[in-house]
Amino acid sequence: MNGETTTSQAQADHGTTARDQAASIADFLPRAGNGPLSGQVVVDFSRVLAGPYSTMMLADLGATVIKVESPGGDDTRNWSPPVRDDDATYYLSINRNKFDIVLDFSDADDLEIAQKLAAKADIVVENFKPGGLKKYGLDYNSVKDANAEVIYASVTGFGAHNALPGYDLLVQAMSGFMSVTGSPDGSPYRAGVAVFDVITGLHTTIGIMAAIQHKTLTGEGQLVETNLMSSAMSGLANQSGAYAAAGVTPTRMGNAHPSLYPYQPMATKDGELIVAAANDGQFATLATALGRPDWAEDERFARAKTRNANRDELEPELLVALQQHTAQEWFEKLTAVGLPCAPINSISQGVERARDLGLDPIVETGQGERIIPTIRNPIRLAKSEVSYDLAPPELGADSDQVRAWIDSL
């Protein structure tokens, strides 16, 4: 009974504090919508990709995110081309729905404002090098002393005790990812996007959401730690799992899959088509559609294990059959019989395909004179809306309002 009373009281006390603070900050930094994180105040000391991607997810879900930038701004403001007017699209893609203040930590007055922001935040997010914020009194222990219930998310490249620079490309190399990306007889390749930055951003958001739930139940804040290397180990999924569980070191296979066949691009009469037979039933469907139902009865090909072992024998026959039609014709024929397949699109074609599927991939973010098209948040909630009320902020756009809020406390 005592435990139930304590938990209930913690929930009530925390709810009152959050509501009071939300009402106060909304007078200075108003948000639209009814997102589930409405009223949560996030102070964002992060830059580049992993941290800003996470805080954008929180902002999309209604949180009031205050992005703190140095006088030089987030690095990605200068990562161009491409650009939209004078803005780097890299920066625009991961910073919507945020307020922005410029603070120079070497200036005593600015540093005091940064410390006050951290002291009033529900959530702090940072991705400085390990220990980089301690000298400013903005590390977890320092912030916790002034804000006992804070949820403090720290994102590093290789863990809190390793000072190696946390760039995605380094992690793609060191994690082994590049060793399984590219042609078997060619050079290792990086992914076309900073995949582990994005995955780490998502992991950080998940950790923060879990910490919010813990805080709701107990009233306790906590430290949330993520790093790109650990996210890479997790994100490599079956590839890293092969080594962990069976001691197998995967290698580059080009576009082929180590466990499924066919599951790759294949040449047709006029280009390549992704053909995916992820189980024996799908392979039988493919065999029939290609006019070779005998393959599904052939002991060399009928089952996934033997099909993988004999892919060198099957592939020439597959390619002969696929030469009978164009990629688009095969896409229509195979889709009609329920077989997974896909054309290989450009980014623009991919966005337009998503539009054709009714997914509305592009949304206009912001209002008034600054409206920026951005990619829609992939989460759809039945009971509360994702918000797109604030365009990615110009450097220091909300400095006066943030300072006014701090002064009012």
For segment 355-366, state whether one or more residues are surrounded by fewer than 16 Cβ atoms within 10 Å (Cβ to Cβ), in contact (Cβ under 8 Å) with a residue 60 or more places away in the chain and within 30 Å of GLY192 (Cα to Cα). no
Can you tell me how many residues in segment 156-168 are surrounded by 23 or more Cβ atoms within 10 Å (Cβ to Cβ), of a type outside the set (Gly, Ala, Ser) and out of contact with any Asp or Glu (no Cβ under 7 Å at 6 or more places or on another chain)? 1
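Where in segment 312-409 are there helices (runs of 4 or more DSSP H), lying wholly inside it, with at least 2 residues that are farther than 17 Å from ALA32 by Cβ and in contact with a Ser or Thr (Cβ under 7 Å, 6 or more places away or on another chain)? Can you show your working first?
Details: elements: 327-336, 347-356, 399-408.
By residue number, 327-336.
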Residue among GLU329, GLU352, GLU394 that alone is charged (D, E, K, R) and within 30 Å of ARG292 (Cα to Cα): GLU329
Can you give me the number of residues within segment 1-36 that are at pLDDT 90 or above and either open to solvent by less than 10 Å² (accessible area, probe 1.4 Å) or assigned to a helix (DSSP H, G or I) (or both)? 4
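So, restricting to strands (runs of 3 or more DSSP E) that lie completely within segment 191-299, which ones have at least 2 residues that are closer than 30 Å to ALA59 by Cα and open to solvent by less than 40 Å² (accessible area, probe 1.4 Å)?
Working: elements: 222-227, 263-267, 272-276.
Once the strands (runs of 3 or more DSSP E) in segment 191-299 are filtered for at least 2 residues that are closer than 30 Å to ALA59 by Cα and open to solvent by less than 40 Å² (accessible area, probe 1.4 Å), what remains is 222-227.
Does ASP100 satisfy the condition of being touching a Leu at 6+ places or on another chain (Cβ under 8 Å), closer than 21 Å to ILE206 by Cβ and either acidic (Asp, Glu) or at pLDDT below 95 (or both)?
Details: touching a Leu at 6+ places or on another chain (Cβ under 8 Å): yes; closer than 21 Å to ILE206 by Cβ: no; either acidic (Asp, Glu) or at pLDDT below 95 (or both): yes.
So ASP100 does not fit the description; no.
Is there a residue being more than 25 Å from ALA32 (Cα to Cα) and part of a strand (DSSP E or B) anywhere in segment 155-166? Lay out the reasoning, then the answer.
Quick first cut of segment 155-166, residues more than 25 Å from ALA32 (Cα to Cα) only: 155-166.
With part of a strand (DSSP E or B) added as a condition, the list becomes 155-156.
Yes, segment 155-166 has at least one match.
From the list ARG303, ARG252, ARG307, ARG311, pick out the single residue that is of a type in the set (Lys, Arg) and either at pLDDT below 95 or under 30 Å from ASP197 (Cα atoms) (or both).
The unique qualifying residue is ARG252.
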State which residue is farthest from ALA118 (Cα to Cα) when the search covers only segment 169-190 and only residues that are open to solvent by less than 20 Å² (accessible area, probe 1.4 Å) and part of a helix (DSSP H, G or I). GLN172
Of the residues that make up segment 259-271, is at least one within 26 Å of the chain's Cα centre (by Cα) and within 23 Å of GLU297 (Cα to Cα)? yes
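The values are calculated or read from the model by the stated rules, or taken from the named source; none is laboratory data. It should be emphasised that the depicted structure is a prediction, and the values quoted were computed from it without experimental measurement. Please note: Cβ atoms are built from the backbone with ideal geometry, for glycine as well, and neighbour counts cover all protein chains shown. Accessible surface areas use protein heavy atoms only, side chains included; no ligands, DNA or RNA. Shrake-Rupley method; radii C 1.70, N 1.55, O 1.52, S 1.80 Å.
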